[in-house]
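Chemist: Please see the structure below; I have some questions.
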Amino acid sequence: MTESMVLGVDVGGTHIRVALVSRAGVILERGKVPTEIHRGARHASMRIAGESRRLMDKARHHGASVVGLGIGVAGKIHRARGEVIFSPNLPAMNGYPLAMELRETLRVPVVMDNDANVFGVGESWLGSGRGIPNWIGVTLGTGVGGCLVLAGELWHGDDLGFAGEVGHMNVDPQGPPCACGLRGCLEAHSSAGALLRAVSEAARGDWLGCGPLYRRWMKGNLTAEGIYLSAREGDPLARELFRRMGWGLGIVLAGLFTVLGIRHAIIGGGVSAAWDAFAGPLRVTLEQYSSFLAPEEMVVERSALGDDAALLGAAKLAWRAAERGEG
Ligand SMILES: [Zn+2]
């Protein structure tokens, strides 16, 4: 009998990653291609299909066949229609029936969800969320994504496509502008985008200082990682930016813990690699603003799966759909 496999796909602003995943959650093959979203949604969709086909061929070499595909995309997703409603980082995808098109092209069931939800499914399945029924997931990247796992299941609310969007909870109404058009959202304090905006503002205002951050800024192509390294080297502005990142996260988690009556959070995404720069201030703020929980009751952990959380979560969605016989 041919063994069954699924594909997990993570569509990011710069890269599309695809993985061939077994039922036990083992990644057997991987693929990565540039998204090239500037060439349009159809082009990106064809790149996903091309890379998926390549891994479907690889599956055959393993004596297996692909029975479904799960896909995570940053933005607001219409799960039933298989459509990207709105994606700030992939604007060409707005209104695009990505899952439906892939289903027709690849002739396998396709399920799609928001990238942070897919992160939640992955961490629940094989990562830091294993065995924890209720938790909040936060993904720190260009923006801030989030998910809610309640009673062991992803919370989709009224299925409006934005449940768990902690990135747009307000932490300071007078704070910096956010990509969503408001001011002072968590994302405007605690994302790579926020860090970079704050540094360019400091450069314009001539208060960047003359330390490591200034030197990296002058070289050009400053990244969130460069800001993190500057913080580690003691740059006061870089350290302050990560303190603010932790502060924002602490405010939001304290409020959510109180409202939901839960006490676990898992933080992932590329910028969570700067953990040692923001986890301390996060903890201080969380303890300061938690009305009902004792400090030792609150657990804030790092993602155990890193980059693979989204791939494995997308694969798990495909497995669930395959078991239910849908997609
Ligand atoms: Zn916002």
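The values are calculated or read from the model by the stated rules, or taken from the named source; none is laboratory data. What you see is a predicted model; the values in this text were computed from it and never measured. Neighbour counts are summed over all protein chains in view; Cβ atoms, including those assigned to glycine, are modelled from backbone coordinates with ideal geometry. The protein model used for the area step is the full one, side chains on, heavy atoms only, and it has no ligands, DNA or RNA in it. Shrake-Rupley method; radii C 1.70, N 1.55, O 1.52, S 1.80 Å.
Chemist: Starting at 0 and stepping by 20 Å, how many percent of the alpha carbon pairs of the chain end up in each bin?
Modeler: 32, 55, 12, 0
Chemist: Of V18, V144, V67, which is the most mobile in a GNM of the chain whose springs link Cα atoms less than 10 angstrom apart?
Modeler: Maximum fluctuation in the GNM of the chain, among the listed residues, is at V67.
Chemist: Moving on. Kindly report the accessible area of segment 130-302 per residue (heavy atoms of protein chains, probe 1.4 Å, no ligands, DNA or RNA), in Å².
Modeler: Here the residues of segment 130-302 average 48 Å² of exposed surface.
Chemist: Another one. Treating only the Cβ atoms of Lys and Arg (+1) and Asp and Glu (-1) as charged, compute the dipole magnitude of the chain about its Cα centre; round to the nearest 20 debye.
Modeler: Magnitude of the dipole: close to 780 debye.
Chemist: Now, a different point. Between segment 41-112 and segment 202-267, what's the alpha-carbon centroid distance in Å?
Modeler: For segment 41-112 versus segment 202-267, the Cα centre distance is 34 Å.
Chemist: Given a 10 angstrom Cα cut-off, can you work out which residue in L311, L140, L154 is the most mobile in a GNM of the chain?
Modeler: Among L311, L140, L154, the largest mean-square fluctuation in the Gaussian network model of the chain belongs to L154.
Chemist: Here's something else I'd like to know. When the chain is treated as a GNM, springs tying every alpha-carbon pair under 10 Å, which of V259, V284, V73 comes out with the largest mean-square fluctuation?
Modeler: V259
Chemist: On a 0 to 90 degree scale, rounded to 10, what angle separates helix 192-204 from the longest Cα axis of the chain?
Modeler: Relative to the chain, helix 192-204 is tipped by roughly 40 degrees.
Chemist: Would you please put 289-301, 173-185 in order of how densely packed they are, using the mean number of other Cβ atoms within 10 angstrom per residue and starting with the highest?
Modeler: Listed from highest to lowest mean packing, they are 173-185, 289-301.
Chemist: Can I ask one more? Between L196, G269, V299, whose Cα lies farthest towards the positive end of the dipole of segment 130-302 when Lys and Arg beta carbons carry +1 and Asp and Glu beta carbons carry -1, centred on the Cα centre?
Modeler: L196
Chemist: Taking the Cα atoms only, what angle lies between the long axis of helix 236-260 and the longest principal axis of the chain, rounded to 10 degrees?
Modeler: Taking the Cα atoms of the chain, the angle to 236-260 is about 60 degrees.
Chemist: State, as an integer percentage, the relative contact order of segment 149-250 based on alpha-carbon contacts under 8 Å between residues 6 or more apart.
Modeler: Rounded, it is 20 percent for segment 149-250.
Chemist: When only Cα pairs under 8 Å and 6 or more residues apart are kept, what is the percent relative contact order across segment 130-302?
Modeler: Relative contact order, segment 130-302: 23 percent.
Chemist: Could you work out the percent of alpha carbon pairs in segment 130-302 separated by over 20 Å, rounded to a whole number?
Modeler: Of the Cα pairs, 51 percent sit more than 20 Å apart.
Chemist: While we're on this one: Which value does Rg/Rh take for segment 1-139 over its C-alpha atoms, Rh per Kirkwood?
Modeler: So for segment 1-139, dividing Rg by the Kirkwood Rh gives 0.96.
Chemist: May I pose another question? How charged is the neighbourhood of E297? Take every other residue with its Cβ under 15 Å from the Cβ of E297, and add Lys/Arg as +1 and Asp/Glu as -1.
Modeler: Neighbour charge sum, excluding E297 itself: -1.
Chemist: Treating the angle as unsigned and between 0 and 90°, give the value, to the nearest 10°, between the Cα long axis of helix 41-61 and the longest Cα principal axis of the chain.
Modeler: The helix 41-61 is inclined about 60 degrees to the chain.
Chemist: Bins of 10 Å, beginning at zero and ending with the bin holding the largest distance: percent of Cα pairs per bin for segment 205-327, please.
Modeler: Taking all Cα pairs of segment 205-327, the binned fractions are 12, 31, 27, 20, 8, 2, 0 percent.
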